[in-house]
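See structure below.
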Amino acid sequence: MNRRHCAAAAITLVCALSLLTVPVQAMAAPTPDSTPSPSASAPSSPGPSSEKDLEKVREQIETLYRQAAAATDAYNLAEEQTKKQSGEIVKLAKAIVDGQARIAELKDRAGAQAREQYRNGGLPPGAQLVLSDDPQLFLDGVNKVRTSQQASKTVLAELNRTQEDLETYTQDASSNWHKLETNRVKQAKAKKKINARIAAAEKLESELETEERARLRQLEQDAANRAQSAWLATRPVQDVEAISGEASTAGKAAIAFATAQIGKPYVWGATGPGSYDCSGLTMKAWAAAGRPIPRTSQEQWRLLPRIDIKDMRPGDLIIYHADASHVAMYVGDGTIVHSPRPGRHVTLAGAGSMKILGVVRPDK
């Protein structure tokens, strides 16, 4: 790799960094969602008239919001990866610029040594000493020759290393740039899917009469209550008492933060302070307790220590659904605090009101 190529690569990368501030929305123009939406079969106004019809609508809405939650996790993960790659590119661009400056300095030093040799008649220092008639000059110059030779070798060795490093930096920057663009495409696709699912769910609900929307809310609560009762029925009394035990010091701090957010709206991708999605709430709560955890519910499930549900204590995180698309914090007495979904607010609910996948402990 020559200096001109390195310079061109560095300039390209540094210029490209300006694109990092462009919002993800600009990466893909809005287009109709190609996935068939459950709203296509939704009843039109005046809406369902029977409890059975309304229950079907509730199930459709729940499915849509579940799909939106999974897409939100994908969006959040891509966003975290994008931030990481952006930071890496900035570091690599700086390393390339520093490397180029170092190469220029080393070449100047090598050039100075060549000019010195030219001024000495084109003979290397060793040859000049051999031809000298002055024994003292010969002896005094031996150390200078050795020092000069070592300096020359050092300059050339460092020049080679720096050029190799520069080539590696350029290759790494190119690789990270491709990863960055891949993650931004993932973000755009996830964003499109999230908005499509939420819009379909909101459309279904908007087609209901005021009374039917109230009945829908009651059906949602009834379904959650049934799931909670069924979950409690499967737990021995001693288990329920055990999982209502003492939280750790960090767990208490996380619970205090999470419960202080009750009443704030769910917004997908949000991490506070005015709104949260489910994993944004748990991440910020444990960060406030001094224990950083992954951003998404799926990463929290994948990376945090897992424990048996019978050993659960307040402050632990419960992961829900087979795809780990929802997370809540256990606060004791069979209760969780969580940010449920769009259109809802941070609230308390039964720990068994949704299908539990497992439990993780951030401070284990």
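Out of the residues in region 193-248 that are within 30 Å of residue 361 (Cα to Cα) and outside any helix (DSSP H, G or I), state the one that is modelled with the lowest pLDDT.
Our first condition is that a residue be within 30 Å of residue 361 (Cα to Cα); within region 193-248, this holds for 194, 220-248.
Filter once more, keeping what is outside any helix (DSSP H, G or I): 235-236, 243-248.
Numbers: 235: 74, 236: 63, 243: 61, 244: 58, 245: 70, 246: 87, 247: 94, 248: 96.
Going through the qualifying residues, I end up with 244.
Which pairs do you get when a residue that is touching a residue at least 40 places away in the same chain (Cβ under 8 Å) and within 20 Å of residue 349 (Cβ to Cβ), found in region 209-221, comes within reach of a residue that is assigned to a helix (DSSP H, G or I) and open to solvent by 80 Å² or more (accessible area, probe 1.4 Å), reach meaning Cβ atoms under 9 angstrom, with the pair 6+ apart or on two chains?
Partner pairs satisfying both residue conditions: 215/51; 219/51; 220/62.
Yes/no matrix, rows are residues, columns are (1) buried (at least 19 other Cβ atoms within 10 Å of the Cβ); (2) modelled with pLDDT under 55; (3) part of a helix (DSSP H, G or I); (4) within 32 Å of the chain's Cα centre (by Cα):
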position	(1), (2), (3), (4)
52	no, no, yes, no
57	yes, no, yes, no
93	yes, no, yes, yes
113	no, no, yes, no
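Before we move on, is residue 331 within 24 Å of residue 221 (Cβ to Cβ), open to solvent by 10 Å² or more (accessible area, probe 1.4 Å) and of a type in the set (A, V, I, L, M, F, W, C)? Outline the logic, then answer.
On the way: within 24 Å of residue 221 (Cβ to Cβ): yes; open to solvent by 10 Å² or more (accessible area, probe 1.4 Å): yes; of a type in the set (A, V, I, L, M, F, W, C): yes.
Yes.
Out of all the residues in region 256-284, which are closer than 17 Å to residue 191 by Cβ, among the small types (Gly, Ala, Ser) and over 17 Å from the mean Cα position of the chain (by Cα)?
Answer for region 256-284, where residues must be closer than 17 Å to residue 191 by Cβ, among the small types (Gly, Ala, Ser) and over 17 Å from the mean Cα position of the chain (by Cα): just 275.
Can residue 352 be described as in a loop (DSSP other than H, G, I, E, B), at positive phi and in contact with a Phe, Trp or Tyr (Cβ under 9 Å, 6 or more places away or on another chain)? Lay out the reasoning, then the answer.
Details: in a loop (DSSP other than H, G, I, E, B): yes; at positive phi: no; in contact with a Phe, Trp or Tyr (Cβ under 9 Å, 6 or more places away or on another chain): yes.
When the stated conditions are applied, residue 352 does not pass them.
In region 282-336, which residues are among the small types (Gly, Ala, Ser) and part of a loop (DSSP other than H, G, I, E, B)? So that I can check it myself, show each step before the final result.
Going residue by residue through region 282-336, those that are among the small types (Gly, Ala, Ser) are 285, 287-290, 297, 315, 322, 324-325, 328, 332, 334.
Scanning region 282-336 gives 289, 290, 315, 322, 324, 325, 334.
Output the residues belonging to region 47-79 that are among the polar types (S, T, N, Q) and touching a helix residue (DSSP H, G or I) at 6+ places or on another chain (Cβ under 9 Å). Give the derivation first.
Pass one, region 47-79, residues among the polar types (S, T, N, Q): 49-50, 60, 63, 67, 72, 76.
49, 60, 63, 67, 72, 76 - these are the residues of region 47-79 that are among the polar types (S, T, N, Q) and touching a helix residue (DSSP H, G or I) at 6+ places or on another chain (Cβ under 9 Å).
The values are calculated or read from the model by the stated rules, or taken from the named source; none is laboratory data. Quick caveat, the model's predicted, so the values are computed rather than measured. Reconstructed Cβ throughout: ideal geometry from the backbone, glycine too, with neighbour counts over all protein chains shown. Side chains included, ligands, DNA and RNA excluded: accessible areas come from the protein's heavy atoms. Shrake-Rupley method; radii C 1.70, N 1.55, O 1.52, S 1.80 Å.
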